[in-house]
Amino acid sequence: MKLIHCADIHLDSPMETNLTPEKARERKMEVRYAFARMVRYAEDAGVEAILIAGDLFDSTHVTKSTEKYVIDLIAAHPSIDFYYLAGNHDRGSMLAGLDALPGNLFLFGDTWTSYRRDRLVLTGAAHPDEDTLSLCEEDVNIVVLHGQQTRGAAGAKEDVIRLSKLKGKYIDYVAMGHVHDYRAVKLDARGVACYSGCLEGRGFDECGEKGFVLLELDGKHVAHRFVPFAARTLHTRSLDVGEVCSALELEERLLAAVADIPAQDAVKVVLTGSCLPDAPTDLAHLRSVLEGRFYFSKVTDETRLLIRAQDFENDISLKGEFVRRVLASSMSESEKERVIACGFRALSGEEMGL
């Protein structure tokens, strides 16, 4: 028997943090289509059930078109059963309030809810009480949960998965949602606990491969493997520009840093290092270098300003007088760095990028 464990799809997420309105709408549709592609993959692969471990939707306010799309998609694949646990983003969403659900859609409640498929038992709860969970040793047990993992009993009860409380309860696999990266840890001698991660990265805090987990049951053994599935991957690259001497050298280093990233992906380059005030770090130019090379790109400056007072001690130029006055002021060191950097750019005729 094959099953899919997925989570954190976040349908109807606005996607507007980095993208233009046009691309935000496009990515919103791509996230929705990623869910549909996964369902079609499941049908082609002979998957019998899809476990959705929370946050299928980005909020409880779902557009009518997305609501209809999800219901129609589930109903159009009657050979696959869908088991849905609401997460912290979509509790109280439209699925829980529908008068009639597709016959192949099953919901986990606030407290422990179980569904049996021969020897396989699927159990989940939106607000689990780990102490009351009771499972049979002879069954194959998969538990579906949504929350932040902790190995101890401390922390707020809601949205916390206390793994230590699940040990020794005859669990073979814990299908978890809430963390947007794939992670798997040994639960005890019998079971494994796993976050599937999200299907598509939506921001640069969700970089790297995204996808779902494919489960295969052979007797009482549950094997799992991560399946990368995102249409686009997000990447963050750090580029140390501390010793760059010219704009051309910086441009070449920038292109080398992103040379292995596919054109359909999104990339964020973070400039780092300690730089002299007149270092060639023109962000507008660097952004133009990447423009059109990727689906989306951005360059941010996290460099530190390297000010050596001795370099300006005897400088009789306007620049030297400016630096000496700033260094002698009562501003904080970070404020001095910012003022000097902006002043140098203004004196050289560049945009200050405030």
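The values are calculated or read from the model by the stated rules, or taken from the named source; none is laboratory data. Remember, it's a predicted structure, so these values are computed and weren't measured experimentally. Every residue, glycine as well, gets a Cβ built from its backbone with ideal geometry; the counts of neighbours run over all protein chains shown.
Quick notes on this structure:
- Boolean, ALA100 is surrounded by fewer than 18 Cβ atoms within 10 Å (Cβ to Cβ) and at pLDDT 95 or above: no
- Flag for ASP301 being under 34 Å from the mean Cα position of the chain (by Cα), closer than 22 Å to ASP205 by Cβ and modelled with pLDDT under 95: yes
- Top-ranked residue in segment 162-194 [being touching an Asp or Glu at 6+ places or on another chain (Cβ under 7 Å) and part of a strand (DSSP E or B); ranked as surrounded by the fewest Cβ atoms within 10 Å (Cβ to Cβ)]: ARG162
- Comparison of GLY197, GLY219 shows that the only residue that is modelled with pLDDT under 95 and on the phi > 0 side of the Ramachandran plot is GLY219.
- Some residue of segment 194-204 being farther than 17 Å from HIS10 by Cβ and in contact (Cβ under 8 Å) with a residue 12 or more places away in the chain: yes
- Only one of SER114, SER134 that is part of a loop (DSSP other than H, G, I, E, B) and modelled with pLDDT of 95 or more: SER134
- With respect to the stated conditions, ASP139 fails to be without any contact (Cβ under 8 Å) to a residue 40 or more places away in the chain and exposed (fewer than 14 other Cβ atoms within 10 Å of the Cβ).
- Residue selected from segment 45-68 under the condition in contact with a helix residue (DSSP H, G or I) (Cβ under 7 Å, 6 or more places away or on another chain) and modelled with pLDDT under 95, by the criterion farthest from ASP12 (Cα to Cα): GLU67
- Residue within segment 19-30 that is of a type in the set (Ser, Thr, Tyr) and under 19 Å from ASP90 (Cα atoms) present: no
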